[in-house]
């Protein structure tokens with residue numbers, strides 16, 4: 001009894017272990033199958049990608065790669081179906097001879113040859129091999145007396161030849177070969193000793209459906225690849241358009257910068273020319289008063305000059321020093337303006353008060369030439385501008401009027417009001433300006449002429465006047481008649497409008 005009981009325990013334990021092992025094996029098997037099923041789409045995608053990439057070369061463009069991918073897929077599918085269907089026929093029909101089997105599998109060897117040619121980069125021979133040999137071997141099957149229901153493949157060859165073959169002559173030949181073969185073997189040729197429809201109706205129908213599926217699948221692939229390619233081209237076109245817009249924008253910016261650089265280069269060249277001419281004039285004109293002062297001091301040091309003799313020398317020296325002072329002041333103002341170091345301070349100013357100050361500064365020059373001043377400015381007249389700039393303008397214009405007005409002449413200073421502006425004018429009874437001189441002044445060309453008593457000048461004062469008036473929101477005008485005097489006027493804003501604007 002003890003032995004029997006031990007035997008039963010051992011049997012129960014073994015059964016439990018077997019069940020445990022079986023459960024574990026089943027669980028592992030299900031897990032592996034689940035993993036395999038999950039990996040199946042990825043594996044399938046890799047296989048399809050590998051087939052499409054057969055024979056792809058780096059030199060090909062995107063469109064050529066797509067066409068080659070379609071061609072490879074079609075040949076791979078025809079290789080598989082061309083081998084499976086004859087095997088199924090042989091397995092179900094013992095009367096199907098070995099020779100008939102070899103004849104029926106000929107098309108799959110064509111696809112295999114095409115894939116091999118593509119693999120070695122012989123793409124043109126692969127196309128010719130497909131579109132010539134496939135109709136021929138299909139015709140051989142029918143001429144051998146077998147009707148396997150694959151005549152619709154001739155239509156497939158014709159459709160694909162139009163898409164894949166680029167050379168028009170080769171395309172017409174391949175299309176004609178397929179269509180003539182289809183017509184002869186389905187309409188004229190009826191000598192079949194083996195018809196799949198009579199022996200295996202399901203396979204016969206399947207072959208026809210397979211041919212239709214290949215036709216639609218081929219057209220679908222062609223349509224899909226062309227659509228994808230067109231979308232890609234459109235995308236590239238949009239990108240190119242965007243890049244062209246950016247390039248045109250950059251081009252305009254470069255052109256604007258180039259234009260600005262050219263303008264600055266022109267202005268710099270003009271400024272450099274003015275500077276060179278100005279310094280040559282300064283070097284010449286500063287020499288005269290320095291020589292006059294040197295001679296005066298030498299005479300004082302070396303000779304015992306009487307008071308009367310000193311009086312005869314001092315006016316000439318004073319005239320030269322007055323010119324030199326004006327020159328240096330204009331030069332300093334010009335330098336500040338060119339370096340943009342002179343800030344503009346717009347504020348209400350009394351133009352009448354500034355005119356009185358300028359005339360007081362010029363009283364010695366006026367007295368030396370006995371020039372009468374007719375000041376028609378009102379007692380107070382408010383305008384808006386930079387006081388220092390307006391004073392420089394008035395001083396230069398009055399100085400020019402004195403310079404070109406003969407002894408016992410007359411200078412008139414007055415104003416006119418024009419729509420929110422004040423026009424200040426300085427009119428003299430001087431020698432006037434020649435038409436050539438007026439043209440140079442209006443073109444802002446740097447030049448200078450001697451005054452009525454041989455006073456010197458640099459031409460810098462009038463240039464300063466033009467620039468300062470423009471910076472204060474006004475304009476300067478010159479009217480002159482040779483021998484009939486000159487009127488120079490400038491406008492400046494009046495009232496609160498200018499203050500609001502600044």
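Here are some notes:
- Solution diffusion estimate, µm²/s, Stokes-Einstein, region 99-200, Kirkwood Rh from C-alpha pairs, 37 °C, viscosity 0.692 mPa s: 231 µm²/s
- Counted over all Cα-Cα pairs of region 345-501, pairs farther apart than 24 Å make up 30 percent.
- Cα gyration tensor shape for region 362-452, rounded if a/c is under 1.5, else prolate or oblate: oblate
- Exposure proxy shown here: for 465, 129, the number of other Cβ atoms within 10 Å sets the order, fewest to most, as 129, 465.
- Dimensions (Å) - region 117-265, Cα atoms, principal axes, largest first: 97, 30, 29
- Residues residue 265 and residue 195, FRET efficiency given R0 of 60 Å [Cβ-Cβ distance, rounded to 0.05]: 0.05
- The label-point distance for residue 408 and residue 180, in a model that sets each label 7 Å from Cα toward Cβ, rounds to 12.5 nm.
- Estimated at 0.36 nm per residue, the fully extended path between residue 224 and residue 120 surpasses their Cα-Cα distance by 34.8 nm.
Throughout, read-outs are computed from the coordinates displayed, never taken from laboratory work. The structure presented is a predicted model; accordingly, all values stated were derived computationally and were not measured. We place every Cβ from the backbone using ideal geometry, glycine too, and count neighbours over all the protein chains shown.
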